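The values are calculated or read from the model by the stated rules, or taken from the named source; none is laboratory data. Keep in mind that this is a model prediction, so the values were computed, not measured. Here Cβ is always computed from backbone atoms with ideal geometry, including for glycine, and neighbour counts include all displayed protein chains.
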Amino acid sequence: MSQRQRVVTEAETWLRTPYHHMGRIKGGGTDCLMLLAEVYEAAGVIRHLDVPFYPPDWNLHRDAERYVHGVMRYAREIGGSPQSGDVAVFKFGRCFAHGAIVVSWPRLIHAWCNAGAVFADGGQPPLIGRQVRFFDPFPVPGF
């Protein structure tokens, strides 16, 4: 199984996990950031991340692209269509502040405040029409 397949398979095991701000317990609670951290760690893509506290509404009051800068520590931004296992980051509020795992664009898995960890469609509400950036967290072969 490829790393990309491992990411999607692991993300699927988080489906139906309730939403909980800063939660990182499969079946217990998670938010979009912690879902990414836990899935990519379990799939062997990144090491464990110690994430400092962040308020649930930080993106409504700040212009700093904290989420994107954090993702860019572990992934490179890509243009064009993302591949399975890539990260999609959507603009909510004043900055890019909502992450999802690409299953097969526009199909995603994300943790949403009203639903928990669920499948989503980037072409449907609440994501349709939002700016989105894509990131590839996988090592480049030969480097």
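The rows are residues; the columns are (1) without any contact (Cβ under 8 Å) to a residue 12 or more places away in the chain; (2) under 21 Å from Gly29 (Cα atoms); (3) of a type in the set (A, V, I, L, M, F, W, C); (4) buried (at least 16 other Cβ atoms within 10 Å of the Cβ).
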| position | (1), (2), (3), (4) |
| --- | --- |
| Val51 | no, yes, yes, no |
| Tyr54 | no, yes, no, yes |
| Ala64 | no, no, yes, no |
| Lys91 | no, no, no, yes |
| Val102 | no, yes, yes, yes |
| Leu108 | no, yes, yes, yes |
| Ala120 | no, yes, yes, yes |
| Gly123 | no, no, no, no |
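Going through (1) under 25 Å from Ile128 (Cα atoms); (2) in contact (Cβ under 8 Å) with a residue 12 or more places away in the chain; (3) of a type outside the set (Ser, Thr, Tyr) one by one, His20 falls short only on (2). Of the residues making up the range 77-95, those that are part of a loop (DSSP other than H, G, I, E, B) and within 21 Å of Glu41 (Cβ to Cβ) number 5. Within the range 92-111, one or more residues are among the charged types (D, E, K, R) and closer than 17 Å to Thr13 by Cβ. Here Cys113 clears all of (1) in contact with a Phe, Trp or Tyr (Cβ under 6 Å, 6 or more places away or on another chain); (2) under 18 Å from Asp31 (Cβ atoms); (3) surrounded by 14 or more Cβ atoms within 10 Å (Cβ to Cβ) except the condition numbered (3).
Residues in the range 1-56 that are of a type in the set (Ser, Thr, Tyr) and part of a helix (DSSP H, G or I): Thr9, Thr13, Tyr40.
Does Glu41 qualify as being of a type in the set (D, E, K, R), closer than 23 Å to Ser104 by Cα and either touching a residue at least 12 places away in the same chain (Cβ under 8 Å) or crowded, with 21+ Cβ neighbours inside 10 Å (or both)? Against the criterion (of a type in the set (D, E, K, R), closer than 23 Å to Ser104 by Cα and either touching a residue at least 12 places away in the same chain (Cβ under 8 Å) or crowded, with 21+ Cβ neighbours inside 10 Å (or both)), Glu41 does not qualify.
When the range 1-33 is filtered for residues that are of a type in the set (Ser, Thr, Tyr) and surrounded by 16 or more Cβ atoms within 10 Å (Cβ to Cβ), the ones remaining, listed by number, are Thr17, Tyr19, Thr30.
The number of residues in the range 96-126 that are modelled with pLDDT of 95 or more and part of a strand (DSSP E or B) comes to 16.
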